[in-house]
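Asks: Quick one: the structure is below, and I'll ask about it shortly.
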Amino acid sequence: MRSKIHIRFGLLAAAINFVLLLIQFFARIPMANPAFRFLPVLSLVILVIAACLKFSKDAGGEATFGVVFGTGFRTTAVTIVIFAILFIVFVQVAPAYKERFIQEVVAAGPNAASSANPAEDIAMLRDRFTVSVLSGIILMNFIPGLIASVIGAAIAKKK
C-alpha cells in the first residue's frame, strides 16, 4: 500500500495558508505586507521538506531520490488544490474580500499611477478574477514547492 504522507502534509499546509489568509483579512492587514506574502510560502516549503523527510524515514532510508521527490511534489499538488478550493469558497462566502483584493491589486499594480481609467482596470480584473487568482495560487505555490521537493529529496536519507 502506498504512503499517504503527502495528503496529510498537503492538507496541513493548505490549512495553515488558509488560516493566514483569514487572519490577514479579518485583521485588515494589507496584502502587500511582507510577512503575509512570505509566511505562506515558508510554511509550504517547510512542510514539503518535512513530508519528504517523513516519507524517507518511514521507508527506512530505502526510497530513491525520485520517489522522495515525488512525495514532495504530490504534497505541493495537494496543497495547491485544497487551498484553491478553500479560497474560491471563501471569496463566495465573503465577497468583501474580493473587492478589497481587487482594489489593492489595482492600486499597487504597475500602471497604478499612469492608468487613465482605474475603473476600467477594476472592471477587467473583476471579470477575470477567478482565473487570475487561480493562476497566482498555482505559480506562488508550484515553484517553491518544486524547489522544496528537490531540497527534501536531496537531504532525505535514501539508498
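Asks: Describe numerically, in nm with one decimal, the distance between label points set 7 Å from Cα along Cα→Cβ at ILE143 and at ARG8.
Replies: Going by the 7 Å Cα→Cβ label model, 3.2 nm.
Asks: Turning to a different aspect of this structure: Sticking with the crude label model, points 7 Å out along Cα→Cβ, report the distance from ASP127 to VAL93 in nm, one decimal please.
Replies: 3.1
Asks: Helix 34-58: angle to the longest alpha-carbon principal axis of the chain, degrees 0 to 90, nearest 10?
Replies: Tilt relative to the chain: about 20 degrees.
Asks: Rounding to the nearest 20 debye, state how big the charge dipole of the chain is about its Cα centre with +1 on each Lys and Arg Cβ and -1 on each Asp and Glu Cβ.
Replies: Here the size comes out at about 760 debye.
Asks: Roughly how tilted is helix 118-127, in degrees to the nearest 10 and between 0 and 90, from the longest Cα axis of the chain?
Replies: 40
Asks: While we're looking at this one, here's another question. Quick check: the angle from helix 129-155's long axis to the longest principal axis of the chain, C-alpha only, nearest 10 degrees?
Replies: The two axes meet at around 30 degrees.
Asks: Something else now. Spelling out what I want: for every residue of the range 88-102, take phi, set θ = phi - 60°, compute 6.51 cos²θ - 1.76 cosθ + 1.60 (Karplus), and round to whole Hz; glycine and proline get x.
Replies: So the Karplus estimates, Gly and Pro as x, are 4, 5, 4, 5, 6, 7, 10, x, 5, 5, 4, 5, 5, 4, 4 Hz.
Asks: Go ahead and set up a Gaussian network model of the chain, Cα springs under 10 Å, then flag whichever of VAL19, VAL48, VAL81 fluctuates most.
Replies: VAL19
Asks: Hey, what's the Kirkwood Rh for the chain if you take every pair of different alpha carbons, in angstrom?
Replies: 16.9
No lab work stands behind these numbers, since they all come straight from the coordinates. Computed from a predicted model, the values in this text were never measured in an experiment. Quick reminder, even Gly has a Cβ in these numbers, built from the backbone with ideal geometry, and neighbours come from all protein chains shown.
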